[in-house]
Amino acid sequence: MTTPRREITDTLQFALDVLALIPHRLHKTAKEIRDELEANSIRRDLRSVQRMLKTLSDFYPQLEVYTDRKPYGYRWGTQAPKIMLPSMSSIEALLLVMSQNYLSNFLPQDLNNSLQSFFLEANAVLKAQSTDQSAKDWLEKVRFSPPSQPLIPPEIDPEIVETVTHCLFNNLEMALTYQNRRGEISEYVVHPYGLIDRAPVLYLVADSLRVAEVDRRIRTYAAHRMIKARELSHKFDRPFDFNLDEYVTEGRHMFGKGERVKLQFEIRGSPGMHLQEAHLSEDQEIQELDDGWLRVTATVNESLELKRWMNGFGEDIRDVDMTFLDDGHTSRS
C-alpha cells in the first residue's frame, strides 16, 4: 500500500518532470508532453498530464495556456523566471548578464528571445542580498571602450533583425529590400553568410544572387538600411570555401577589395608610439629617424578604413607610399 509520504513524493516528482518539459517559445500540448515523458521512461496517462498542467497553470500565472483551438497548448510567458534545479550560481549569473550586455548582436533573435527567462533569472540572482558581492561588483569594473569616437547606433527594425538572424542560423535564402547611401532602393535575393558588428553599425555579409559580376556578389549590407527582409523556403549549402575570418581580415567589409599592399609612411614619434605596441601587421617594422619621426613599413589590406585611419593623423604623417603586391601599382601621397 502506497503511503501518503510516498504519494506526495511521487506527485512532486511528476510536477517537476512536467515543468521541465514546458517550453518558453512555442506552445506544447499535453499529448506532446506525455509522449516526451514516455520517451524518458516516465509512464503517465494523458488525463494525468492534463490534470497536472491545469494545477500548474492555476499555481503559476506566468504559465500561458493557448485556448484558441484544441488541444490546448502550454508555454512559459516571456517574462517568466526560469526554474533552475539546482539554482543558478553567482558566477553563472555573471556570465549570462555579460553575455546579454555584450553578445546580443551575435545570437539569433529567436534564440535571444528564448533566453530572456535565463537573463531575468541571472539579473535577479545578482541583485539578491545573498549573492557574493564580488560578482555584483564585477559588472562595474569592466567596460568596452571603442578605439574611435563613440557614436549612437542607428535604429534597426527588430523584426528585420529577427528574420536576418533566423535565416543566417538556418541557412535559408532571404528576400531583401535595401536602400543604399544614395537613397536608391533595390531588391535582392541573398544567401546570408555572416554578421559583422563594427560598432555602431551591424553588417550582414551575404551572396547576392542577382548580381551579375561573380567577384561582387559577396558584399555587406548595413542592417539599419534594410527596409524589408523576408524568409524564403529554399535552404542553401554554405560554401566550404567562404571564411568569415578571412573576409574580415581582408577588409572587404570596410569598402575595399581585399588587395594586399606594402605600406610605408613616416609618422611623428608621439602619435606613432602606439604602433610599437599594437602592430599593423605581423611583418611591421619601425625605424627611428633623426628628426624624431618614425618610418613604418607593413603589409596590409587596402581599404577605405585604412585611408581614413591615416588621414586622421593629419600633418603628423608624411611620405605615404602604397605598393599593390598583385600588380606592382604604386600610390603615393
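The values are calculated or read from the model by the stated rules, or taken from the named source; none is laboratory data. Note that this is a predicted model, so its numbers are computed, not measured. Reconstructed Cβ throughout: ideal geometry from the backbone, glycine too, with neighbour counts over all protein chains shown. We work out accessible area using only protein heavy atoms, side chains counted, and drop any ligands, DNA or RNA first. Shrake-Rupley method; radii C 1.70, N 1.55, O 1.52, S 1.80 Å.
Points to keep in mind about this one:
- Counting only helices (runs of 4 or more DSSP H) that sit completely within segment 104-203, those holding 3 or more residues that are modelled with pLDDT under 90 and farther than 30 Å from residue 239 by Cβ correspond to 116-127, 133-138.
- All positions within segment 24-40 that are open to solvent by less than 90 Å² (accessible area, probe 1.4 Å) and assigned to a loop (DSSP other than H, G, I, E, B): 24, 27
- In segment 231-247, the residue that is farthest from residue 171 (Cα to Cα) out of those that are open to solvent by less than 60 Å² (accessible area, probe 1.4 Å) and in a helix (DSSP H, G or I) is 247.
- Some residue of segment 289-296 being in a loop (DSSP other than H, G, I, E, B), touching a strand residue (DSSP E or B) at 6+ places or on another chain (Cβ under 8 Å), open to solvent by 20 Å² or more (accessible area, probe 1.4 Å) and of a type in the set (Gly, Ala, Ser): yes
- You will find that of 21, 12, 46, the residue that is among the hydrophobic types (A, V, I, L, M, F, W, C) and surrounded by fewer than 14 Cβ atoms within 10 Å (Cβ to Cβ) is 12 and no other.
- Scanning segment 86-126 for residues being among the aromatic types (Phe, Trp, Tyr) and open to solvent by less than 40 Å² (accessible area, probe 1.4 Å) gives a total of 1.
- Residue among 162, 187, 173 that alone is among the acidic types (Asp, Glu) and open to solvent by 70 Å² or more (accessible area, probe 1.4 Å): 187
- When residue 277 is tested against (1) at pLDDT 85 or above; (2) farther than 26 Å from residue 324 by Cβ; (3) open to solvent by 90 Å² or more (accessible area, probe 1.4 Å), just one condition goes unmet, and that condition is (1).
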